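The values are calculated or read from the model by the stated rules, or taken from the named source; none is laboratory data. This one's a predicted model, so the numbers in the text were calculated from it and none came from an experiment. Here Cβ is always computed from backbone atoms with ideal geometry, including for glycine, and neighbour counts include all displayed protein chains.
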C-alpha cells in the first residue's frame, strides 16, 4: 500500500531511534532546537524536516490500532480487517482511501470503524470495504457511512466490482437516526450498482438489524460455519417479544442461511475459504455489465475425448434410476472445474460457474439424486436468481434438463409454487445472453417449458437419444388417458398392470419420442452424449456475437417477486 506510514525515510527513522514514538520525540526535539526556536544548537536531524512529529504519531497510531485489532480478533478465532484484505487482494495492490477519516490523530483516535480502498484480484481492479470490529464494535455511524458511500461512488465511476467484508454490531446507537440515515444511503447506492457492477458480501462476524439488507441487496452472500450471523431481530429481542429462546447460530448462523433460508450462497469452512471463494467467483465475472467476462486459454487434449466418452455411462437407461448430475457437468466443462452457487440449498437444482473452451458460463441443471430433479419453490427461486445474475453480467447459460416436473402437494401450492415458479419463466424469457439447453433424459410438463426450452427463448436446444419430452410421463399419462380402459380390464379380471404396460409402451412410442420435438422445431438436433461438449463449444462460438435488443420502451418489467 502506498502510504506515508510505509515511507523509507520514516522506517529508517524508526529503526534508528528504536521505534516510531521515540523517533517522534527525537524529531520534536530537533524542531524545538532548530534556528528560530530560541535554541541555536545545530542538529543533523534537522535534515529530516519533511517527516513531522504528527506523521510519526499517525504511523504509530495505525500500528497500535492493528496490534489491538489482532489481540481482540484472534482470541475470537477471527482475522483482523486488514488481514482479511491481505487474503482477498493480490499481494501489494491495496490502495487505502481515507485511512484516518473520522479520527483524531492528536487525541489517539485512529479513524472510522471501516477500511475502504481499491486493490486487485487476479490483476483486475476491485473496490473493497472492510468493517473493523475492533473499533467501536465495527458499528456504522456518519463517518463510516460517508466512507462507504464515497467508495461506492468511485466504484460506479470506475465501473469495478465492490466486495464488502462485514463484521459489525450494526448502527451506532449513540449517533441515533443519523446512523440509520447512512444505511439508507448505502441501500440506495447498492441498488444503483445492482446489475451494473458485481457486488459480493462476506459475512465474517455479526450482521444484525437493518444492516442485513446491505448484503441482501448484493449479488452473492458468503458466510462461514463459525462467527457468521445474520438476523433482523436478535435472540434477546425474540425472547422479550415471544418468549422463545434461541441461539444466534440457530437463528441466523451460516449453516442456517446456507441450507434453510437460502440467504447465503456459499458456506466457507473458515474465513480463508470464504475469501478464496469470493476471489474464484470474481474470476468468472466481468468488471461491469458493459464488459465481457474474461476468457482463458484452453488446449483440447486426447483426455477430453476420453472424459466425453464417460457420459454414455453416467445416465442410466432406467428413467427411475437416479444419478449425480455433477458427474455430467464435470465431463463437459474445462478441467472438470465447477464452482457451485447455493450448493447446500434447494439441492434438486444445481447452479454454478464453469468454463467451456475458455469461456466462462453459468450452468443450470436438475439433480436427479434429489426429488428426482423435480422443481419446488426453493429450486425455482435458486434457478431464477442465478439466471438473472448471469444475464446481468453477460455469462451464457447452459441448461441440463432431467426433470419429472414440479413437485406436487398442498405444501408446495400453499408455499406459492405458482408465484415463485413463475420467476424461472421470467428469468429465462427476459434473458438476452446466449442460452443453450441439453435434455439429458426426462423433460415433462411445465418444468420442460420453463427449463430453457425453445419456446421460452433458448437459442440452441439439443437432446440425447435417451430423452423423453412430453406433457406427462408414460405412467401418469396412461392413468389419465386410459382410465376407463383400465377400469374395464379390472372389471373383466384381466391383468391390469400388463394392460397398463402395453398402453405405456404405446404412449412412449407415439408421444414421448424426442423425434416429435425435432419435427416441430423444439429440438435443433439429437446428439450422442459424448458429442455434448463439442456441441456446446460450437454453439457458444456461434452465439458470441449475440447482442442485447430493447424490444419495448418500458421502464422495466413487473416480474413476480
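A few comments on the model shown:
- Identification of helices (runs of 4 or more DSSP H) wholly contained in region 101-217 with 2 or more residues that are over 23 Å from residue 286 (Cα atoms) and over 18 Å from the mean Cα position of the chain (by Cα) yields 142-158, 177-193.
- Qualifying residue in region 512-529 (condition: over 26 Å from residue 397 (Cα atoms), without any contact (Cβ under 8 Å) to a residue 24 or more places away in the chain and assigned to a helix (DSSP H, G or I)): no
- Residues being out of contact with any helix residue (DSSP H, G or I) (no Cβ under 8 Å at 6 or more places or on another chain) and either free of Cβ contacts under 8 Å to residues at least 40 places away in the same chain or part of a helix (DSSP H, G or I) (or both) - total across region 451-494: 10
- Unmet requirement for residue 285, which otherwise passes all of (1) part of a loop (DSSP other than H, G, I, E, B); (2) out of contact with any strand residue (DSSP E or B) (no Cβ under 8 Å at 6 or more places or on another chain): (2)
- Entry remark, region 245-264: residues being surrounded by fewer than 16 Cβ atoms within 10 Å (Cβ to Cβ) and within 16 Å of the chain's Cα centre (by Cα) number 1 in total.
- Exactly one residue among 331, 347 is closer than 25 Å to residue 219 by Cα and either touching a helix residue (DSSP H, G or I) at 6+ places or on another chain (Cβ under 6 Å) or part of a loop (DSSP other than H, G, I, E, B) (or both), and that residue is 347.
- Residue within region 532-540 that is farther than 23 Å from residue 395 by Cα, part of a helix (DSSP H, G or I) and either without any contact (Cβ under 8 Å) to a residue 60 or more places away in the chain or in the same structural domain as residue 454 (by TED's automatic domain parsing) (or both) present: no
- Meets criteria (buried (at least 20 other Cβ atoms within 10 Å of the Cβ), more than 15 Å from the chain's Cα centre (by Cα) and not in a helix (DSSP H, G or I)) for residue 316: no
- Restricting attention to region 457-471, the residues being surrounded by 20 or more Cβ atoms within 10 Å (Cβ to Cβ) and under 17 Å from residue 397 (Cα atoms) number 5.
- Of all residues in region 246-273, those satisfying the criterion of being in a strand (DSSP E or B) and closer than 15 Å to residue 200 by Cα are 266, 267, 268.
- When residues in region 512-531 are screened for being more than 21 Å from residue 456 (Cβ to Cβ) and modelled with pLDDT of 80 or more, 4 of them pass.
- Of everything in region 296-309 that is surrounded by 12 or more Cβ atoms within 10 Å (Cβ to Cβ) and at pLDDT 90 or above, the residue that is nearest to residue 125 (Cα to Cα) is 296.
- Filter result for the condition that a residue is surrounded by 16 or more Cβ atoms within 10 Å (Cβ to Cβ) and within 22 Å of residue 124 (Cβ to Cβ), over 282, 267: 282
- The number of residues in region 541-552 that are part of a helix (DSSP H, G or I) and either at pLDDT below 95 or under 14 Å from residue 395 (Cα atoms) (or both) comes to 4.
- Conditions (1) at pLDDT 95 or above; (2) farther than 30 Å from residue 203 by Cα; (3) crowded, with 17+ Cβ neighbours inside 10 Å; number of the one not met by residue 287: (2)
- Hey, residue 213 within 27 Å of residue 76 (Cβ to Cβ), crowded, with 18+ Cβ neighbours inside 10 Å and either modelled with pLDDT of 95 or more or assigned by TED's automatic domain parsing to the domain that holds residue 272 (or both) or not: no
- Within region 519-537, the residues that satisfy the criterion of being out of contact with any helix residue (DSSP H, G or I) (no Cβ under 7 Å at 6 or more places or on another chain) and closer than 26 Å to residue 333 by Cβ are 522, 524, 525, 528, 531, 534, 535, 537.
- Some residue of region 394-401 being at pLDDT 95 or above, within 21 Å of residue 475 (Cα to Cα) and in contact with a strand residue (DSSP E or B) (Cβ under 9 Å, 6 or more places away or on another chain): yes
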